[in-house]
Structures are given as structure tokens and as C-alpha cells.
Amino acid sequence: MCGIIGYSGPLEAKNILLEGLAQLEYRGYDSAGIACFDTRSAVQVVKRTGKVAALKEACASMLRHSHCGIGHTRWATHGGVSDTNAHPHRAGRVTLIHNGIIENYHSLTKRFSLESRLVSQTDSEVAAWLLDAFYTGDPYSAVRQLAECVRGSYGFCIMFDDRPGEIYGIRSVSPLVAAYTRSGALVASDLTALIPYTRKYFVVPENHIVKLTGYKISLYDLDGNAVLPEIMEVNWNMDAAMKNGFPHFMLKEIHEQPEALKNTILPRMTKGLPDFTDDQIPDEIFTECAQIHVVACGTAMHAGMVARALMEPVLRIPVMVSIASEFRYEEPLIDEKTLVIIISQSGETIDTLAALRLAKSCGSKTLAIVNVKGSTIARESDYVLYTHAGPEIAVASTKAYSVQLAALYMTSCRMALVRGKFTREQAAAFLAGLLDAIPAMETMIRQKDTERELVTHLIQQNDTFFMGRGLDYAFSLEGALKLKEISYIHAEAYAAGELKHGTIALIAPEVPVIAIATQEHVFSKMISNVREVKARGAFVILLTKEHARVDEGLADIHIKIPDLDDRFTVFPIAVILQLIAYYASIGKNLDVDQPRNLAKSVTVE
Ligand code: M6R
């Protein structure tokens, strides 16, 4: 979950590391640190709790004229948030930064009698001391021995005192990308740190050692053979990773959704029909499966819930959705007749990756819906449907959710077509309906003042309830997550009919209930449920389509979306729910883009 970066080259290393860490900060922001070889080739470390800005201030007059260094921004796993637990860690002749978790650090500490040496409570420092113990002047041998004894996930960047100008990296599960550029050699946990310098990069393969010097990057397997890196090119530029005049990344990313949707849908349409030829996804994976299992975490899993509600009635085969962290331990009933759809913005979420590996080991076909090109999930899945949202920087997922939905809607449409559940006309009408959702989203973005005003009530309350039926229930789940994670208001989503079975006891005067009622076939039932909470004094925020007629006084606030086919209302509704969360966070004066305790990419279990 942490951000890591290494640089060796002609420019001032400190500046490159600090700028890179600012780009990577969304991966973790408990503390940050850098280590550089100084002008006398000695390693100097500066680390601080707090954000990169605090680190920048701390080293303002230090680490000048250095050309090689490593930097880290932390999301604490082992050991609290403190200067000592911040990375880089020094151990004898070794300086190390780590992204991931070393599961056997306790037994390694005992085995190598490290107890008296450790100054931090981190698993990472154990790795640094091990390397120091293994180092006899050959960095490859030391790194190889480290890889042989640690279990868990890691991306390491390492400097050895007697090798100024050199950085060594290795990874297992945790991501590491590298590039040689005109400005020097860079390695990082994430592309966003490399983009200011290059569009060409490579993913460091697992269990390979990468070596950076000021004039080249080399890659070796664990047997010491040189390996040619597979160079990839990013399809977005630095602008995409900047705020561009918006006060927060989240608001910018909410605004980017219509464009992201077009980029995801239009290249996959031929004569009005879904076409995955360029993605090299064969129709056989759709025709030969007897069931679908969607696996993901968080927002991506909520996109899966929408897909289930959409797909099952059309395809008439079982569609199940699982939380990846549960799926991997519950011996799921999947086989070679199962299509497992894996959804992940980052393509690095550790539980989702483990679920993918499990699905493959059971012989299932795997299709990954992923935003980050070249990510581990994208590379390991049988087939990939890339979403084209560009980089999503705010921790709260917005545009990634919409494009995941778009990709799932297209998959569902293609499946229905090739399985004979849709005629060509029905498939074309479905895609036309999907495209209609884009201007509806634009309308809701233009009307964002409505949400800005309505949060004044919300932010004075401790709880908020979301409710809906069918697809609307699936949308509610995401609305509640969004509100919780950035406004810290407790929120729960309920299938509206379920409220009476317990939760309605919590509805007291002024408790906000966000009721989503866009599904025609359950509209009247839904309105009855709204009456039930209103009768108990709830403050009702009702979301319906434009034409919906409701009794005067039923809702305290009534937000209308354009009249769309029921299947596509999620898109404008998502915008409303995102904006409610956004303005609630602003109203409470919180850190919208980097909410407490969270990190963008969850690469530890
Ligand atoms: O990168 P992924 O899509 O695999 O991430 C999964 C979740 O961690 C993520 O969707 C998370 O729930 C969101 N950041 C919440 O807004």
C-alpha cells in the first residue's frame, strides 16, 4: 500500500524523490522519508511522520547535490505511525524501503537473532538486517538470499553503502515499474511517479532483480541471467494526473466520467454492437460457461453487484458476486465451466489477485476488468478488458466505478447476443441506452449545487441510511461506502424491503435516508417503504426519474435524473451519490482525496 521510488541520474535526487512521493502519496500517507548518497558518498536519511509536505520541509536545507536515492510514503501495517517506523530503514551497510508485508518476520527475527538490533517495530527493518547479514560485497547474492527466506508480498528498493549511485530492486506480488529516461533511471511502485520523465516503462517481473545506475537499468533473473525487459507505453499524460484547476482530484475525476465512459465504450462498438475483437476476447468464453462468478473488493465489488442484478435476468444462468478476501478462503464452487470476472481499478489488490489465481487453478476462464495497463491482474488473467479512465488519484473511487460498469454492461450485452438472449436489434438498443446515460451524467454534474446544499443537514448527523430495490439497492451500496470513506459519517445501505426486519428501529426524527427509486417495476413498493421511514420522522432525500410522481411532502429533498431506461439509471445516480459524499467531506473540512486510514491500492491482506 506504500509508495516507493528510486532514482539514479544526473539531476538532483532529492527533488525527483520528493516530487515522485507527492505523486505516490495517495498510496499511503502516514509518514514519508528519503535516503540519498551525499557528496561524500555517505547515505543520509530524513524521515518524518505526516505527509510528504512535512518531509519536504524537514529536508529543505539537506541532501543537496545528491544524484542517487530512494523514497517512501507509508501506510502503516506493522508498527504504529512514528518517525522510527517510517522508511527508509538503515541496517549496517544497507538502506531499504519496502511496500508489502513480510509474513514470517517474527521467525526470521528469531532465526537470525535480530532482536537486539531492531529499532523499529516494522517487518521491513527485519529485511534490511537480513540483507546486511547476507551482504559480502555481492548485491545480487544478498538480494537472492533475502528473496529465498522472506514470505509475503514485497517491493524492495535497496542501497548498499559501498555502492554509491546504485539501487537494487526486487518484488513479489507488490508492484514495481522502472524506466531509463533522459533524466536518469527510475523505479517506483506506480507509474504516476515516472510519467513526468517518460511514457515508456517496464514492469519489473516478479522475482527478478533490477539494478539502476545513473546511466542504465539492468534486469536479471534469480539465476543471474540478464533478461530483456518488456517495454510498454502509457496511454495517458501528466495532465491526467494533475488537478487541472479543480480543488480536489475527486471532483476532477467525477467530472471526467462522461469522457472516460466514451473512451471505454466507443472503441468497442462496431455497427452499433459490442465487439471485443481488438481486446482478443473470444466469444467462446461467453458461450461455453454455465455460470459467472464476479470477484472484487470495495467499489469494484459494488460494480459487480450491479452487474449481477443486470445479467442474471437476461442470461438466465447463475451470476454470483464475491468479496475477494472471502472468496479466496471459502472453497468456491467454480470449475472449467465457470467464467470468473475479476474487477480491479489498480490491478494490484492483493485479495483480488489471489482470487484470480485461485480461479485459474480451478480451471475457470478468467476475464479481468482493469484500469491500470500492465498491472499484475491484467497480466495474469486469461483475458483483459481495459477500462480507459486514465489515472484515478483520489482514494475514493468515482470514474473507475463508472467505467467498470460500462465494461460490465458491454460484456453482458455481448454475452446476451452470442448466447441468443438478445437479437441484434435488442443488443443495439441496449448499447444506445448505455450511450444515453452519458448526457444524463453530464446533466447531473452540471447540477452539482443541489448536492452542495443538501449536505448541510447530512453533516450534522451521525448516521445515514441508503435504500433501494433491485438495481437501486446495488447502487445504494456504493453510495454508502462513498459517504463513509470520505465524510466519516456512518452509512448503511439496505434493500428497502428489509428495513422493517430490524433496521427501521434506528429511524428517528431527522435521520437522513437516501432513497433511490428509479426501477419502474418496484417503484410503488419503494414509495411505500419511503412512506414508512417518513412516518417515523426521517429526513428523506429521494432520487427518482424525471417523470416520477410522488406525494407532496414525502421527500424533504427530491432529486430527479433524466428519464432513462431502468437499466442505465446507475450512471446519473452514481454522480449524485459521489457528489453527496464529496460535499459532505468538504462540509466537514476533511481531507477529501486522502481520507484517514485509507490508501488507494490495497496490496496487503
Ligand atoms: O484497485 P481496486 O479496484 O482493486 O480496489 C478495490 C477497492 O480497494 C477500492 O474499490 C476501494 O473500495 C475504493 N477506493 C473505495 O472508493
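Here is a list of conditions, (1) out of contact with any Asp or Glu (no Cβ under 9 Å at 6 or more places or on another chain); (2) modelled with pLDDT of 95 or more, and Glu498 meets all of them except one; can you say which number that is?
Among (1) out of contact with any Asp or Glu (no Cβ under 9 Å at 6 or more places or on another chain); (2) modelled with pLDDT of 95 or more, Glu498 violates only (2).
When the residues of segment 18-59 are filtered to those that are part of a strand (DSSP E or B) and either among the small types (Gly, Ala, Ser) or modelled with pLDDT under 90 (or both), which remaining residue is farthest from Gly6 (Cα to Cα)? Spell out how you get there, then give the answer.
Initial filter on segment 18-59 (part of a strand (DSSP E or B)): 31-37, 43-49.
Next, from what is left, pick out any that are either among the small types (Gly, Ala, Ser) or modelled with pLDDT under 90 (or both): 31-33, 35.
Values: Ser31: 17, Ala32: 14, Gly33: 12, Ala35: 9 Å.
Among them, the one singled out is Ser31.
Kindly indicate the residue of segment 148-198 that is polar (S, T, N, Q) and not in a helix (DSSP H, G or I) and also farthest from the chain's Cα centre (by Cα) among those meeting that condition. Please lay out each step first, then the result.
Step one: of segment 148-198, the residues polar (S, T, N, Q) are 153, 172, 174, 181, 183, 189, 192, 198.
From what is left, the residues that are not in a helix (DSSP H, G or I) are 153, 172, 174, 181, 183, 189, 198.
Details: Ser153: 17, Ser172: 19, Ser174: 13, Thr181: 27, Ser183: 29, Ser189: 13, Thr198: 23 Å.
The extreme case among them is Ser183.
Out of the residues in segment 569-605 that are at pLDDT below 90 and crowded, with 24+ Cβ neighbours inside 10 Å, state the one that is farthest from Leu405 (Cα to Cα).
Filtering segment 569-605 for residues that are at pLDDT below 90 and crowded, with 24+ Cβ neighbours inside 10 Å, the one farthest from Leu405 (Cα to Cα) comes out as Thr603.
What number goes with the only condition from (1) touching a strand residue (DSSP E or B) at 6+ places or on another chain (Cβ under 9 Å); (2) of a type in the set (Val, Ile, Thr); (3) under 22 Å from Leu471 (Cα atoms); (4) within 16 Å of the ligand (Cβ to nearest atom) that Val372 does not pass?
Only one criterion in (1) touching a strand residue (DSSP E or B) at 6+ places or on another chain (Cβ under 9 Å); (2) of a type in the set (Val, Ile, Thr); (3) under 22 Å from Leu471 (Cα atoms); (4) within 16 Å of the ligand (Cβ to nearest atom) is unmet by Val372, namely (3).
List the strands (runs of 3 or more DSSP E) inside segment 290-362, counting only whole elements, that have at least 2 residues being hydroxyl-bearing (Ser, Thr, Tyr).
338-344
Yes/no per residue for (1) farther than 22 Å from Val592 by Cα; (2) buried (at least 24 other Cβ atoms within 10 Å of the Cβ); (3) at pLDDT 95 or above:
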{"position": "Thr349", "(1), (2), (3)": "no, yes, no"}
{"position": "Leu358", "(1), (2), (3)": "yes, no, yes"}
{"position": "Gly363", "(1), (2), (3)": "yes, no, yes"}
{"position": "Asp382", "(1), (2), (3)": "yes, no, yes"}
{"position": "Thr387", "(1), (2), (3)": "yes, yes, yes"}
{"position": "Ser397", "(1), (2), (3)": "no, yes, yes"}
{"position": "Val403", "(1), (2), (3)": "no, yes, yes"}
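State which residue is nearest to the chain's Cα centre (by Cα) when the search covers only segment 45-57 and only residues that are within 15 Å of Asn15 (Cβ to Cβ) and surrounded by fewer than 23 Cβ atoms within 10 Å (Cβ to Cβ).
Ranking the qualifying residues of segment 45-57, first place goes to Ala53.
So that you can scan it fast, the table gives a plain yes or no per residue for (1) outside any strand (DSSP E or B); (2) more than 17 Å from Ile167 (Cα to Cα); (3) in contact with a strand residue (DSSP E or B) (Cβ under 7 Å, 6 or more places away or on another chain):
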| position | (1), (2), (3) |
| --- | --- |
| Gly79 | yes, yes, no |
| Leu96 | no, no, yes |
| Ile101 | no, yes, yes |
| Lys110 | yes, yes, no |
| Val119 | yes, yes, no |
| Glu125 | yes, yes, yes |
| Leu131 | yes, no, yes |
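Name every residue in segment 184-200 that is modelled with pLDDT of 95 or more and at negative phi, in order of residue number.
Taking segment 184-200 as the starting set, the residues that turn out to be modelled with pLDDT of 95 or more are 184-188.
Scanning segment 184-200 gives Ala185, Leu186, Val187, Ala188.
Among (1) small (Gly, Ala, Ser); (2) in contact with a Lys or Arg (Cβ under 9 Å, 6 or more places away or on another chain); (3) buried (at least 19 other Cβ atoms within 10 Å of the Cβ), there is one condition Ala193 misses while meeting the rest; what is its number?
(2)
Out of the residues in segment 19-44 that are under 19 Å from Thr95 (Cα atoms), surrounded by 22 or more Cβ atoms within 10 Å (Cβ to Cβ) and hydrophobic (A, V, I, L, M, F, W, C), which is farthest from the chain's Cα centre (by Cα)?
Ranking the qualifying residues of segment 19-44, first place goes to Phe37.
When segment 60-77 is examined, which residues are found to be in a loop (DSSP other than H, G, I, E, B), out of contact with any Cys (no Cβ under 6 Å at 6 or more places or on another chain) and in contact (Cβ under 8 Å) with a residue 60 or more places away in the chain?
If the condition is that a residue be in a loop (DSSP other than H, G, I, E, B), out of contact with any Cys (no Cβ under 6 Å at 6 or more places or on another chain) and in contact (Cβ under 8 Å) with a residue 60 or more places away in the chain, then His67, Thr77 are the ones that fit.
Taking the condition away from the ligand (no atom under 16 Å from the Cβ), touching a residue at least 12 places away in the same chain (Cβ under 8 Å) and among the hydrophobic types (A, V, I, L, M, F, W, C), does Met250 pass?
no
How about segment 362-375: which of its residues are hydroxyl-bearing (Ser, Thr, Tyr) and under 13 Å from the mean Cα position of the chain (by Cα)?
Within segment 362-375, Ser375 is the sole residue that qualifies.
If you take the residues in segment 399-425 that are of a type in the set (Phe, Trp, Tyr) and closer than 14 Å to Val306 by Cα, which one is farthest from the ligand (Cβ to nearest atom)?
For segment 399-425, the residue satisfying everything is Tyr409.
Scan segment 379-387 and tell me whether some residue there is within 12 Å of the ligand (Cβ to nearest atom), assigned to a loop (DSSP other than H, G, I, E, B) and in contact with an Asp or Glu (Cβ under 6 Å, 6 or more places away or on another chain).
Within segment 379-387, not a single residue is within 12 Å of the ligand (Cβ to nearest atom), assigned to a loop (DSSP other than H, G, I, E, B) and in contact with an Asp or Glu (Cβ under 6 Å, 6 or more places away or on another chain).
Is there any pair with a first residue in segment 347-364 that is at positive phi and a second that is at pLDDT 95 or above and outside any loop (DSSP other than H, G, I, E, B) whose Cβ atoms are under 8 Å apart and which are 6 or more apart or on different chains, and what are they?
These pairs meet every condition: Gly347/Ala368; Gly347/Val370.
Does Ala396 qualify as being under 14 Å from the mean Cα position of the chain (by Cα), part of a loop (DSSP other than H, G, I, E, B), within 12 Å of the ligand (Cβ to nearest atom) and over 19 Å from Ile231 (Cα atoms)?
yes
The values are calculated or read from the model by the stated rules, or taken from the named source; none is laboratory data. It should be emphasised that the depicted structure is a prediction, and the values quoted were computed from it without experimental measurement. We place every Cβ from the backbone using ideal geometry, glycine too, and count neighbours over all the protein chains shown.
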